[in-house]
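The values are calculated or read from the model by the stated rules, or taken from the named source; none is laboratory data. This is a predicted model, so every value here is computed, not measured. Here the Cβ positions follow ideal geometry from the backbone for every residue, glycine too, while neighbour counts run over all protein chains shown.
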Amino acid sequence: MKKQLLTAGLCVLMSASTVALSATPKIIYGEDNRQEVQDYPDAMFRDLAKSTAGMVRASALRTESGSSIGNDLADSIDSLRAILGDSAIDNMLADNGLQTEEDDSTEGFYTFNTSNTLRRSMGVCEKERFSNQVTLPRCSGFLVGEDILVTAGHCVTSMSDCTNFRWVFDYTAGTSKIKKSDVYKCKEVIGRKQTLGLFATKDYAVIRLDRKAEDREPLKFRKRGSVKKNDEIVVIGHPSGLPTKIADGAKVTKERFNFFYANLDTYGGNSGSAVFNKKTGEVEGILIQGAQDYVMSSEGCYVSNRTGNTADDAKEKVFKITKVKEIK
């Protein structure tokens, strides 16, 4: 059952100061290789996509049978998030006792705000690919055990990120509502690292879900050795919060101690995505960083930032999965 939010709480929230969320931009190299899961020609990667998930704010998911009053209040809070920032809203909700009590049933469906398209949320031009698709996840992640999920460390920076977000599987193009059975809570953060530096770079989080994942298998991942320069790789995740995309046509361009560079077509929202060896289907690493996503066009709207496709151009940084000690 949901506890009804107090309308007066909205006034309190309006006075909060803006808190900006940090972003980790990405980019397009050469041709845009992002494809819908259902359209991807390789069945192996279509199957692997089922074990990837998106990190979605709990308040963005509404029980399909929820009251119109409750949904109106949720819409108002969503609008305030755009003004004040997510952290400010979460803190004010907690301070004023305005969180909702959740229905823990896995039966039925969740709905979400289908008006929050890429065009609306990011201000992209109408001609931009996927401009009319709905954005929902903030980060990406992937299953490595029955109830164990891996993402980027900068996606889960505190226990509030564990508490206030859900992990949603099968958010693909055309999804208008989400099965409750495909939504999981973060039960605990098993391990997390976030450090910078050429040799010291670490950026990962290992999460235990509230129950074993159903109808999907943990991904296989490299446990020894290292990816090599020019190895072909594939990324699966949620660029800019879009429904799951598979992007290939990329290679390892440079290798470092804890990470490697690649010319992957990724964006903010891809943080935490699984990066696969195209030949073996094993996870090689976690997408953690990249170049600027969008640039302003002459039309006054944003378009994807495009660059060359050489090794020197590649800025996408992938943390090696072999460096995540908690999943050995």
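Check whether at least one residue in the range 263-273 is farther than 17 Å from ASP42 by Cβ and not in a loop (DSSP other than H, G, I, E, B), and report yes or no. Within the range 263-273 (the criterion being farther than 17 Å from ASP42 by Cβ and not in a loop (DSSP other than H, G, I, E, B)), the answer is yes, since at least one residue qualifies. Every listed requirement among (1) more than 30 Å from LYS212 (Cβ to Cβ); (2) assigned to a strand (DSSP E or B) is met by ARG129 save one, (2). Looking at the range 248-258, which of the residues that are surrounded by fewer than 24 Cβ atoms within 10 Å (Cβ to Cβ), in a strand (DSSP E or B) and not polar (S, T, N, Q) is nearest to the chain's Cα centre (by Cα)? Applying the filter and picking the extreme gives ASP248. Since GLY197 meets every condition but one in (1) modelled with pLDDT of 95 or more; (2) in a loop (DSSP other than H, G, I, E, B), which condition does it not meet? GLY197 satisfies all of (1) modelled with pLDDT of 95 or more; (2) in a loop (DSSP other than H, G, I, E, B) except (1).
Any chance the range 273-292 includes a residue that's touching a His at 6+ places or on another chain (Cβ under 9 Å), crowded, with 24+ Cβ neighbours inside 10 Å, closer than 23 Å to GLY197 by Cα and touching a residue at least 40 places away in the same chain (Cβ under 8 Å)? Write out each step before concluding.
The initial filter retains those residues of the range 273-292 that are touching a His at 6+ places or on another chain (Cβ under 9 Å), namely 273, 288-289.
Filter once more, so that each one left must be crowded, with 24+ Cβ neighbours inside 10 Å: 273, 288.
This time we only want the ones that are closer than 23 Å to GLY197 by Cα, so: 273, 288.
With touching a residue at least 40 places away in the same chain (Cβ under 8 Å) added as a condition, the list becomes 273, 288.
Yes, that holds for at least one residue.
Return yes when ILE233 is in a strand (DSSP E or B), touching a Gly at 6+ places or on another chain (Cβ under 7 Å) and on the phi < 0 side of the Ramachandran plot and no when it is not. No; evaluated as a whole, the condition is false for this residue. Taking the range 274-292 only, how many residues are touching a helix residue (DSSP H, G or I) at 6+ places or on another chain (Cβ under 7 Å) and not in a strand (DSSP E or B)? The qualifying residues number 1.
What number of residues within the range 183-206 are closer than 15 Å to GLY108 by Cβ and out of contact with any Lys or Arg (no Cβ under 9 Å at 6 or more places or on another chain)?
Residues in the range 183-206 being closer than 15 Å to GLY108 by Cβ and out of contact with any Lys or Arg (no Cβ under 9 Å at 6 or more places or on another chain): 0 in total.
When the criteria are applied in full, GLU326 meets the requirement of being touching a strand residue (DSSP E or B) at 6+ places or on another chain (Cβ under 6 Å) and surrounded by fewer than 18 Cβ atoms within 10 Å (Cβ to Cβ). Among the residues of the range 197-221, which ones are touching a Cys at 6+ places or on another chain (Cβ under 8 Å) and closer than 16 Å to ASN258 by Cβ? Result: ALA205, single match. Counting the residues of the range 144-164 that are part of a strand (DSSP E or B) and crowded, with 24+ Cβ neighbours inside 10 Å gives 3.
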